[in-house]
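Notes follow the structure.
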Amino acid sequence: MTPFCTRLDLAHPIVQAPMAGVAHGDLAAAVSAAGGLGMLGVRGDASTDWVAEQAAIAARGGRFGVGLLLWSLGDGALLGHVLEHGPALVSLSFGDPAPYVSRVHDAGALVASQVQTVAAARQALDAGVDVLVAQGTEAGGHTGSIATLPLLQQVLPLGAQAGVPVLAAGGIATGRAVAGVLTMGADAAWIGTRFAATREAAFSAGAKDRILAAESTDTVLTHVFDLVQEADWPAQFPGRALRNRLTDRWHGREEALADDLPDVQEQFRDAVARDDRDVAHVYAGQASGLVQDLPAAAEVLTALMDEAATSLQRVAALLGDTGAGGHLSR
Ligand SMILES: Cc1cc2nc3c(=O)[nH]c(=O)nc-3n(C[C@H](O)[C@H](O)[C@H](O)COP(=O)(O)O)c2cc1C
């Protein structure tokens, strides 16, 4: 049991990542009920009714978390609505959490922040967050450019020094990887893409099909979908999505896209309406290559923990019965 799990009363060191448009109440409830932490992904333009409805569904599974996008919070009204529903953990990601941390603490919740660089990790610690999430570039959705392993190795000592648990995000879709990051010193794995392809996820059928069919080489880190949707994502956070005809045409040609924007927006809206994911977006990470089925979220959790236990037993066996060194030192 890691300190993070103890603090949130989790049976398993697994957080289902907040994913706007994908992680709604049903998914969060299923993961929390199975012993992980389910999280709602909340867009900046979410209505108070939507937040209330989805939080009520999530709460059926027990305690839950909520993920917010810092750059969309403005005066904090949305954060206020979220806090009314008693989340145990609030993720304030993609920006400086400092202006909002004390409000979350006053409401009795913990603050997590996904960080993509060492500088962002220091900024989040200075802001007083309770949990750091080292998010590598393999991750689905918006992310930075450093891979999970080198980022995690740099963020872990910062967290340890500050007494703040560090979670690992990006590219984790098997129990082997869960065991790997726990062995490195992470308190839990923060998993998106694997949970996006589950029965409870609110992703469209077309999007789920594309994830099942994708290889790890099929993603692209791009601004194209944000430009088309006129989303105000800060430039340092492109989004990792599955490549499709739209990105093949416009990724790397963003200036030309700006000239053709109204036409492309019409194609995009039409594709979303028809669930044509050859043009519409599917945010997903490099772990897509590891996802070939569409189970219930609880089954994913069980499989992750069974495989993680096997991997950790293998590590224990490598060390031998007599303690440190063992076979490894030979
Ligand atoms: C479809 C999708 C949507 C996402 N939306 C959000 C979001 O709204 N807020 C957020 O903080 N992170 C978001 N993320 C990033 C996740 O929180 C997490 O960092 C990522 O999924 C971890 O990497 P993995 O996909 O390889 O498991 C999203 C990820 C995906 C796949």
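Data overview
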item: Criterion violated by ALA52 - all others in (1) more than 12 Å from the ligand (Cβ to nearest atom); (2) within 20 Å of PHE195 (Cβ to Cβ); (3) open to solvent by 30 Å² or more (accessible area, probe 1.4 Å) satisfied; result: (2)
item: All positions within segment 55-75 that are at pLDDT 95 or above and more than 13 Å from the ligand (Cβ to nearest atom); result: ALA55, ALA56, ILE57, ALA58, ALA59, ARG60, GLY61, GLY62, ARG63, PHE64
item: Members of segment 236-249 that are over 19 Å from the mean Cα position of the chain (by Cα) and open to solvent by 10 Å² or more (accessible area, probe 1.4 Å); result: ARG243, ARG245, ASP248, ARG249
item: Leading residue by the ranking (farthest from the chain's Cα centre (by Cα)) among those in segment 90-135 that are crowded, with 19+ Cβ neighbours inside 10 Å and hydroxyl-bearing (Ser, Thr, Tyr); result: TYR100
item: Criterion: more than 12 Å from the ligand (Cβ to nearest atom), open to solvent by 20 Å² or more (accessible area, probe 1.4 Å), at pLDDT 95 or above and within 16 Å of the chain's Cα centre (by Cα) - qualifying residue of LEU221, LEU182; result: LEU221
item: Leading residue by the ranking (nearest to the ligand (Cβ to nearest atom)) among those in segment 278-323 that are polar (S, T, N, Q) and under 27 Å from ASP26 (Cβ atoms); result: GLN286
item: Members of segment 96-155 found to be among the basic types (Lys, Arg) and touching a Phe, Trp or Tyr at 6+ places or on another chain (Cβ under 7 Å), listed by number; result: none
item: Unmet criterion (only one of (1) under 23 Å from TRP233 (Cβ atoms); (2) free of Cβ contacts under 8 Å to residues at least 40 places away in the same chain) for VAL118; result: (2)
item: Given (1) within 14 Å of the ligand (Cβ to nearest atom); (2) in a helix (DSSP H, G or I), number of the condition TRP190 does not satisfy; result: (2)
item: Residue among ASP9, ASP26, ASP49 that alone is more than 18 Å from the chain's Cα centre (by Cα) and touching a residue at least 40 places away in the same chain (Cβ under 8 Å); result: ASP9
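The values are calculated or read from the model by the stated rules, or taken from the named source; none is laboratory data. This is a predicted model, so every value here is computed, not measured. Using ideal geometry, Cβ is built from the backbone for each residue, glycine included, and neighbour counts are taken over all protein chains shown. These accessible areas exclude ligands, DNA and RNA; they are computed on the full protein's heavy atoms, side chains included. Shrake-Rupley method; radii C 1.70, N 1.55, O 1.52, S 1.80 Å.
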